Structure formats: C-alpha cells, structure tokens
1. Using only helices, what value at 222 nm comes out for the chain when you add -39,500 (n - 2.57) per DSSP H run of length 4 or more and divide by the total residues, to the nearest 500 deg cm²/dmol?
2. For Cα pairs less than 8 Å apart in space and 6+ apart in sequence, what is the mean separation divided by the residue count of the chain, i.e. the relative contact order in percent?
3. Any idea what the alpha-carbon Rg over 2.2 N^0.38 Å comes to for region 248-365?
4. Jot down the radius of gyration and Dmax of region 272-332, Cα atoms only, both in angstrom.
5. Based on C-alpha coordinates, I'd like the Rg and Dmax of region 69-207, in Å.
6. Multiply the residue separation of residue 295 and residue 440 by 0.36 nm, subtract the distance between their alpha-carbon atoms, and state the gained length in nm to one decimal.
7. Give the calculated FRET efficiency between residue 288 and residue 2 to the nearest 0.05, with a Förster radius of 41 Å applied to their Cβ-Cβ distance.
8. When the label point is put 7 Å from the Cα of residue 322 along its Cα-to-beta-carbon vector, which residues of region 211-243 have a backbone N closer than 12 Å?
Ligand code: FAD
Ligand code: 2HG
Ligand code: ZN
C-alpha cells in the first residue's frame with residue numbers, strides 16, 4: 001500500500017492525501033452518525049485530471065474508492081466500510097463554476113460546487129437553479145446528481161435528473177468521459193448521463209455537470225396551514241393546483257410530533273398558529289418580479305378549503321423574515337429529531353391518493369411492535385413522498401434500535417403492497433442496499449448487476465453501496 005500512497009501523493013500533492021485519524025475523522029462518519037467506517041486514505045484532488053490519476057492508481061492497485069461530496073447523505077453511501085481498505089475520494093476542492101449561459105439557460109460546474117453557491121451563481125446571472133434541500137449549505141452538486149436528490153422544489157421542477165443536461169465522469173479505470181453537452185435535444189443513442197444520475201458513486205466519479213437554469217422567481221406567497229388530516233392536506237393540494245397552476249412550487253406536510261420537536265429543540269422557533277392541530281402544510285407560490293396575482297391565488301385557495309373544512313387555520317407570511325420563520329419550521333425537522341435521540345428513517349413514496357389510508361393503517365401496526373413509538377411524519381406530500389421517521393418512546397432509544405428490523409420491515413412491506421417505493425429521494429446507500437434488492441424483481445436486479453458489471457467489472461467503485 002505504500003506504493004499506492006506514493007502514487008496518490010504524486011497525483012494530488014502530499015497535503016491532499018490524508019491518513020492520520022484526526023485528519024480523516026470528518027470523512028469517515030456520516031451525518032446521521034449511524035455509519036462510521038475507516039479509510040486507507042482520504043484523497044482530495046483539485047481537477048478532473050487529478051481525479052483521473054487517483055482513480056487510475058486505485059484501479060492499478062485494486063483498491064476500492066468511495067466518492068464523497070458534502071457528506072450529507074442519509075443512507076451511509078458516502079463513507080467507507082469498517083475494513084480500512086478503501087480510499088475516500090473527496091470532491092471538496094473542485095468548486096469552480098466553469099461557465100454560465102443565461103440565454104440558453106445552462107450552467108456548467110465542477111462536481112464539488114456546494115448547492116448554495118450554485119444558487120448564488122444562477123442568481124447573479126438573473127436565473128434560478130431550483131433544487132432546494134435543507135442540506136444545501138454543505139451538499140455538493142456531484143452528490144445531488146449521484147443520489148438524484150429531491151427536495152422541496154420537485155413538485156414544480158422535478159428531481160435532479162430533470163435538471164441535468166450533460167456530465168463529465170471519470171470511469172472506474174481512470175478514463176474520462178466528456179459528456180458535457182448542454183443540448184435539450186440529443187437522440188444519438190443510450191442516455192449515459194441519466195445512467196450515472198442516481199448511481200450513488202457505484203459506476204464512476206462525476207467531476208462536472210451542465211445543468212438547466214430557469215427564470216428567476218423572486219416573488220413569493222407563503223403560508224403555514226393547520227389541517228385536520230392527511231386527507232384534508234391532499235384536498236388542499238388539489239385546490240392549490242387549480243388556483244395557482246404553475247406557480248405552486250412547494251407543498252410540504254408535517255405532523256404535530258414533528259412541529260413539537262422543532263419547537264423543543266430549535267432556538268427561536270415558535271408556533272405561528274397557537275391552537276394545536278394534528279397536521280400542518282407549508283404551501284408556497286412563486287413567480288416573476290412582475291407577477292402580482294400570487295397573494296390572491298393563495299387567499300382564494302385557503303378560502304375555498306376553509307369553507308370545505310379542509311383548513312382549520314393559517315399563518316400567511318407578510319415579510320421575508322416571516323417567510324424564513326415558516327420555512328425554518330419545516331427545514332428544522334431533521335436536525336430537531338436528531339437532537340431528540342435515535343431516529344429510524346424511512347423515506348417512502350406512495351400514490352398520493354393512498355397516503356391518508358396508509359398513514360392511518362401503519363400506525364397501529366407499529367404500536368404493537370413497539371408500544372408508544374413516535375412517528376415523526378413529514379415531507380414532500382405533493383410528490384407522494386413522506387419521511388416516516390420513528391423516534392423512540394421518550395428515553396427508550398435502545399428499544400427502538402432493538403425493534404428496528406421489525407418496524408422497518410412492517411413499513412416497507414406495506415409500502416410495497418401499495419405499489420410505493422422504499423426510497424423516494426435519499427437512495428439506497430449502505431442502509432438500504434439489501435432491502436432495495438429484496439423489493440425488486442429478479443429481472444430488475446439482474447439488469448442492474450449487468451450495468452454495474454459492464455462499467456465496473458472489478459467492483460472497485462463504492463462496493464456494498466446500492467447493490468448488496
Ligand atoms: P455525499 O453525502 O457526500 O454522497 C452521497 C452519495 O453520492 C454517496 O453514495 C457518494 O459516494 C456519492 N457521491 C458524492 N459525490 C459524488 C461524485 N462526485 N461522483 C459520484 N458519486 C458521488 N436529500 C434529498 O433528496 N432531499 C432533501 O430534501 C434532503 N434534505 C436533507 C436535509 C438534511 C438536513 C440533510 C442532512 C440531508 C438531506 N438530504 C436530502 C440528503 C443529502 O443532502 C442528499 O442526498 C445530497 O444529494 C447529498 O449530497 P452530498 O454532496 O452531501 O453527497
Ligand atoms: C427533508 O425532506 C430531507 O427534510 C431529510 O429529505 C429527511 O432527515 C430526513 O429523514
Ligand atoms: Zn426530503
């Protein structure tokens with residue numbers, strides 16, 4: 001291994017090959033704290049050529065690589081296993097915005113550009129890059145592409161795969177595929193770009209991307225709405241779609257348990273409504289600077305639904321500070337639940353029409369497995385995507401962890417029975433690789449293995465992630 005470390009140092013410079021426990025510590029544990037591995041080394045290349053040299057050296061030495069961006073992934077896919085034999089390849093130094101074309105509506109970036117910096121670059125060109133995640137201050141566009149991230153703007157703009165036009169990828173043998181074509185139309189064979197989107201670092205290292213930009217939407221109408229049930233939230237969604245059309249950009253749900261955790265653990269958070277409700281919705285309309293019908297459309301939506309009994313009360317933001325405070329209630333849930341203690345995460349999608357039935361049926365099933373278990377239910381209800389994250393009965397984390405296999409199986413079985421998905425947006429990573437394969441047909445798993453074998457015949461790219 002000394003040979004490999006020498007090659008890596010020659011490729012990126014001594015200071016960018018980290019091996020001491022202190023230096024590698026932040027790269028080997030994931031955000032949840034559940035996955036903690038060991039690394040042979042952490043390598044921080046500064047260019048596509050350096051990534052290619054690192055990957056070629058690892059290929060030659062038959063050493064596995066774990067690509068890593070901002071290390072905000074929630075399924076353990078960006079950290080090494082416990083063997084101490086894997087190299088973590090961090091894209092953190094590759095943060096250049098290569099070019100912006102406001103006329104065509106494209107931006108070309110290094111994979112290590114942080115999502116919040118990408119927003120700023122788009123804004124400076126008078127455009128919008130719409131992807132919006134609670135982790136946007138740390139996650140990278142390479143990680144977003146590798147996980148096909150979702151977030152709160154999917155309802156209007158789609159998942160990451162709908163925002164990308166072309167990629168640059170270092171293949172497992174060190175060759176570079178330059179697919180940085182910013183064309184809306186290109187029917188010249190298999191769509192290789194889309195093959196790498198959502199591949200979680202198992203097929204190659206994404207080093208650059210051409211992304212779509214959209215017209216800026218600086219105007220907003222935002223409300224935090226108390227609703228009596230999931231059914232009522234779905235009814236509100238229907239009315240909001242009719243009233244706001246393309247301007248409806250966010251439609252998020254949270255149960256009372258989720259709000260309670262935010263109010264308990266996040267400094268400065270306050271309940272904008274006061275009278276407790278079982279469920280809440282964050283709804284936002286967004287439009288161009290010249291758009292002046294947003295407030296009216298939001299008020300009409302709420303008016304229609306109050307009359308029908310689907311809305312109990314609402315707080316409408318009238319200043320940017322009030323808007324941020326409402327968003328903080330939604331975006332603070334992950335962090336607040338982490339502070340509360342152990343969390344058993346489930347990131348599921350169901351047909352929207354089944355969400356109310358599913359949430360009411362699964363709760364008693366889980367309560368028989370672990371009496372008093374607390375579902376912290378929230379997420380992108382407009383996409384049919386719930387984060388059905390369980391907290392233990394207060395002070396009983398060990399019991400939650402002991403019951404975890406039974407609880408997760410009950411949830412996944414019922415999701416599969418309803419034709420849903422056990423990973424809506426976070427990917428499979430290490431946490432769900434086995435479960436992912438077990439809910440797919442043998443044909444589908446065979447096809448996935450054939451793709452993996454074709455691109456990474458030696459199995460050196462992120463082994464143990466995505467495919468068991
Ligand atoms: P990492 O965590 O570093 O890596 C994630 C995966 O991508 C790993 O498998 C890794 O090997 C691979 N990878 C990373 N970079 C590359 C690359 N350049 N080439 C090839 N493979 C690569 N996710 C959502 O979808 N929606 C949300 O709303 C959302 N909200 C979040 C909120 C919080 C508070 C947190 C902590 C996380 C949230 N996430 C969300 C999850 C996470 O932020 C996303 O999965 C994000 O896309 C990961 O980006 P990253 O740069 O941190 O990737
Ligand atoms: C969100 O929508 C994220 O807030 C994170 O996808 C969900 O922490 C989670 O489970
Ligand atoms: Zn989410």
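Each reported figure results from applying straightforward, stated rules to the coordinates on display, with no laboratory input. Keep in mind it's a predicted model, so treat the numbers as computed, not measured. Heads up, the Cβs are rebuilt from the backbone with ideal geometry, glycines too, and the neighbour counts pull from every protein chain shown.
1. Details: 16 runs with 174 residues, N = 468.
Mean residue ellipticity at 222 nm (helix-derived): -11000 deg cm²/dmol.
2. Values: 980 pairs, mean separation 70.0, N = 468.
It rounds to 15 percent for the chain.
3. Values: Rg = 15.9 Å, N = 118, 2.2 N^0.38 = 13.5 Å.
Taking N as the residue count of region 248-365, the ratio is 1.18.
4. Spelled out, the Cα radius of gyration and Dmax of region 272-332 are 12.6, 37 Å.
5. For region 69-207, the Cα-based Rg and Dmax read 14.8, 49 Å.
6. Residue separation times 0.36 nm, minus the Cα-Cα distance, leaves 47.7 nm.
7. Working: r = 59 Å, r/R0 = 1.45.
The calculated FRET efficiency here is 0.10.
8. Residues 221-224 qualify, since their backbone N sits under 12 Å from the label point.
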